[in-house]
Amino acid sequence: MNGDLERLFPGLRGALYAVTSPAQADYNCIAWAAGDDSRWWEPDPLGLYFWPEAVPRQYTLQAYAEAFRRIGFELCENAAFEAGWERVAIFADADGRPTHAVRQLPDGTWTSKLGQREDIQHPEIEHVSGTAYGRPVRFLRRRRAGLADGKNQEETP
Amino acid sequence: MMTVSALQSRPSADVYLSDESARLTDPIRRLIRVGRERGAPTSLTESESTSWSAVLAQRFYSLAEAWRRECAHLSSVRETVLHPAYQQIVGMGPAALPLIFMDLNREPNHWFWALRAITGEDPVPHEHRGSVKLMAQDWLHWARMRGFVS
């Protein structure tokens with residue numbers, strides 16, 4: 001357990017979460033949810049960071065969802081587990097600004113990259129809801145392509 | 001663009017970037033005054049330049065640490081660069097560049113927005129965008145070409 005993480009994300013207190021990577025600034029949660037641990041995905045208007053071609057460089061839920069659609073995801077209704085489907089969820093703050101993304105692993109748990117900090121695996125999507133990231137508001141899914149586990153067999157976006 | 005040496009050689013008038021800088025500088029200036037009164041065999045110009053550099057470095061690392069500590073969990077660089085500590089570093093202007101490059105060389109981090117804001121340049125090729133280590137290398141190459149780092 002990690003007291004510092006649990007102060008930021010109180011939902012983790014008492015949860016069976018696991019830290020699955022060291023902290024690193026190489027990639028963010030959007031990249032990690034998309035299966036990319038080599039780049040920082042960000043729609044900054046200056047174009048300093050990676051963002052999928054032809055997707056608007058806007059900090060909006062529509063633009064973030066479109067980025068995932070470009071790599072095969074489609075909008076769906078909720079975070080419910082479906083065998084054979086990989087889900088991502090986009091979090092937003094109270095003003096509807098995207099703050100975070102998580103990806104569902106084949107066992108139904110979720111993986112989150114916490115900014116420049118660690119990756120964690122957490123049983124429930126709501127474990128990272130709260131003041132820091134708001135709550136999950138957009139859900140997308142795509143067919144899994146023979147992934148045995150979420151950590152070591154990432155799909156290339 | 002003001003270079004660090006130009007900044008160091010500025011007149012000794014007490015011009016500070018902020019109240020915090022003034023507070024940090026006061027004890028050093030008192031030491032210089034005592035040394036001068038007692039005939040310490042050191043160059044006053046050198047002492048003042050060194051003290052100014054020390055103040056800048058101390059301020060930079062204090063702000064950088066606060067920025068890292070308070071923004072590490074944020075998933076958007078846009079949010080992190082709006083943090084007051086980051087903005088104060090940008091506000092240090094060209095004097096911050098050697099310190100930023102030193103930090104970038106030690107550990108690649110998201111100084112790219114600050115570098116772009118201070119220098120008005122962006123040496124990162126399109127294919128490196130988002131690859132933090134490669135972006136850091138591109139900026140460090142740029143810095144070496146201009147003598148900011150050896």
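Tabulated data
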read-out: Contour minus Cα-Cα distance for residue B:82 and residue B:61 (0.36 nm per residue); value: 5.8 nm
read-out: Surface accessible to a 1.4 Å probe, residue B:145 within the full protein complex, Å²; value: 130 Å²
read-out: For region A:15-65 versus region B:75-142, the gap between their alpha-carbon centres in whole angstrom; value: 18 Å
read-out: Vicinal HN-Hα couplings computed from phi for region A:88-94 (Karplus, 6.51 cos²θ - 1.76 cosθ + 1.60; Hz; Gly/Pro x); value: 10, 10, 9, 8, 9, 7, 5
read-out: Buried area at the A-B interface (accessible, heavy atoms, 1.4 Å probe, summed, Å²); value: 2000 Å²
read-out: Average Cα contact separation per residue, region A:21-157, under 8 Å, 6 or more apart, as relative contact order %; value: 29 percent
read-out: Residue order for B:141, B:73 - accessible surface, 1.4 angstrom probe, largest first; value: B:141, B:73
read-out: Ranked order, A:20, B:50, B:80, A:109 - accessible area, probe 1.4 Å, largest first; value: B:50, A:20, A:109, B:80
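The values are calculated or read from the model by the stated rules, or taken from the named source; none is laboratory data. These figures come from a predicted structure and were not determined experimentally. Note: accessible area is taken over every heavy atom of the protein model, side chains too, but ligands, DNA and RNA are not part of it. Shrake-Rupley method; radii C 1.70, N 1.55, O 1.52, S 1.80 Å.
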